[in-house]
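The values are calculated or read from the model by the stated rules, or taken from the named source; none is laboratory data. Because the structure is a prediction, the values reported are computed rather than measured. Here the Cβ positions follow ideal geometry from the backbone for every residue, glycine too, while neighbour counts run over all protein chains shown.
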Ligand SMILES: [Cu+2]
């Protein structure tokens, strides 16, 4: 991976201005994946995603990688333990399951524009959440945390815990900064 990334970067400089062969584009998606680290201090008293917010183009692959501790990346979606819907209506929810070793990773490629909020299953109440904006800040994830409460069918959706609400970067912040880092 490191070798290929170097090759791509070096090649981009060397070959600037030349017509690239068709296979060249096929290399790009993996090299361009946006990485989100799954972090923890030694005691596990602080847990977080870094970056906590990213703005990407549709079709971008997001790769979550464990650095310390045990985590999941799980989309806010009713299919994931009755959590509220905070990803676009037409998007597939994801749940990585437990990633237990440093270096364990999980990838999704996000094609539907909108806001995607996600959490770590064991650490949501500790505020381990993050936000991805794909293209435009639209969809349920752009609504307030309690948008569904007054609707006719709130079902048995869970509300977002207070500690998590405080951690999400605002949509404006993600749109302005593109990458919002977090060090609690
Ligand atoms: Cu976690």
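Taking the listed residues 85, 99, the one that is within 20 Å of residue 164 (Cβ to Cβ) and touching a helix residue (DSSP H, G or I) at 6+ places or on another chain (Cβ under 7 Å) is 85, with no other qualifying.
Among the residues of segment 41-60, those that are closer than 25 Å to residue 91 by Cβ, more than 14 Å from the ligand (Cβ to nearest atom) and out of contact with any helix residue (DSSP H, G or I) (no Cβ under 6 Å at 6 or more places or on another chain) comprise 51, 54, 56, 57, 58, 59, 60. The condition (being loosely packed, with under 15 Cβ neighbours inside 10 Å, part of a strand (DSSP E or B), touching a strand residue (DSSP E or B) at 6+ places or on another chain (Cβ under 7 Å) and at pLDDT 95 or above) is satisfied by just one residue among 61, 109: 109.
Does residue 93 qualify as being in contact (Cβ under 8 Å) with a residue 40 or more places away in the chain, away from the ligand (no atom under 13 Å from the Cβ) and under 16 Å from the mean Cα position of the chain (by Cα)? It is false that residue 93 is in contact (Cβ under 8 Å) with a residue 40 or more places away in the chain, away from the ligand (no atom under 13 Å from the Cβ) and under 16 Å from the mean Cα position of the chain (by Cα).
For segment 142-156, the criterion of being within 16 Å of the ligand (Cβ to nearest atom) and over 23 Å from residue 179 (Cβ atoms) is met by none of the residues. For the structure I just gave you, tell me whether residue 17 is part of a loop (DSSP other than H, G, I, E, B), farther than 17 Å from residue 131 by Cβ, modelled with pLDDT under 95 and outside the structural domain of residue 109 (by TED's automatic domain parsing). For residue 17, the condition - part of a loop (DSSP other than H, G, I, E, B), farther than 17 Å from residue 131 by Cβ, modelled with pLDDT under 95 and outside the structural domain of residue 109 (by TED's automatic domain parsing) - is met.
Hey, can you tell me all the residues within segment 133-144 that are in contact (Cβ under 8 Å) with a residue 60 or more places away in the chain, out of contact with any helix residue (DSSP H, G or I) (no Cβ under 6 Å at 6 or more places or on another chain) and crowded, with 21+ Cβ neighbours inside 10 Å? Hits for segment 133-144 are 134, 141. Within segment 120-132, the presence of at least one residue that is away from the ligand (no atom under 16 Å from the Cβ) and either assigned by TED's automatic domain parsing to the domain that holds residue 84 or surrounded by 15 or more Cβ atoms within 10 Å (Cβ to Cβ) (or both) is confirmed.
The requirement of being free of Cβ contacts under 8 Å to residues at least 60 places away in the same chain, within 26 Å of residue 158 (Cα to Cα) and surrounded by fewer than 15 Cβ atoms within 10 Å (Cβ to Cβ) is satisfied by residue 79.
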